[in-house]
Amino acid sequence: MRSQPSLGWDGDDEYEDDDGDDGKKGGKEQDDAKSMKFTGIFLAAVSGLFFTLCSVTVKMLPRIDPAEVLFFRAVVQLVLIIPLLALAKSNPLGPKGVRLLVYLQVKT
């Protein structure tokens, strides 16, 4: 019989069972979860760093048209994302069932 979930500081749902097991995840699963959290934090920090570098670069350039900045940002993003899509074998248009939603999201 399970009781109400207790949310720890990390947001993981833990259940207490009557069999004496406290319901915590196993060692490998817990290590994987911690690794994923670290990866997410690391990627967010790297993203912030690159965004800051991009802003600093634009401010250092004298009299550059905003349309040119937009164009070159889009080109750099395209160059970086195409190899990642190929590596993941992912369709850039999205899964077949939600392509219209992806298109509408781009338009808004």
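General remarks:
- Contact annotation: residue pairs with Cβ atoms under 9 Å, 6 or more positions apart or on different chains, pairing a residue in segment 81-108 that is over 21 Å from S47 (Cβ atoms) with a partner that is in a helix (DSSP H, G or I) and among the charged types (D, E, K, R), are N91/R99; L93/R99.
- Residues in segment 85-108 that are among the polar types (S, T, N, Q) and modelled with pLDDT of 80 or more: S90, N91, Q105.
- Test result for L61, of a type in the set (A, V, I, L, M) and at pLDDT below 85: yes
- Positions within segment 62-78 being among the aliphatic types (A, V, I, L, M) and exposed (fewer than 10 other Cβ atoms within 10 Å of the Cβ), in sequence order: A67
- Candidate set from segment 33-61 (those that are under 16 Å from the mean Cα position of the chain (by Cα) and aliphatic (A, V, I, L, M)); member that is surrounded by the most Cβ atoms within 10 Å (Cβ to Cβ): A33
The values are calculated or read from the model by the stated rules, or taken from the named source; none is laboratory data. Fair warning: this is a prediction, and the values are worked out from it, not measured in the lab. Every residue, glycine as well, gets a Cβ built from its backbone with ideal geometry; the counts of neighbours run over all protein chains shown.
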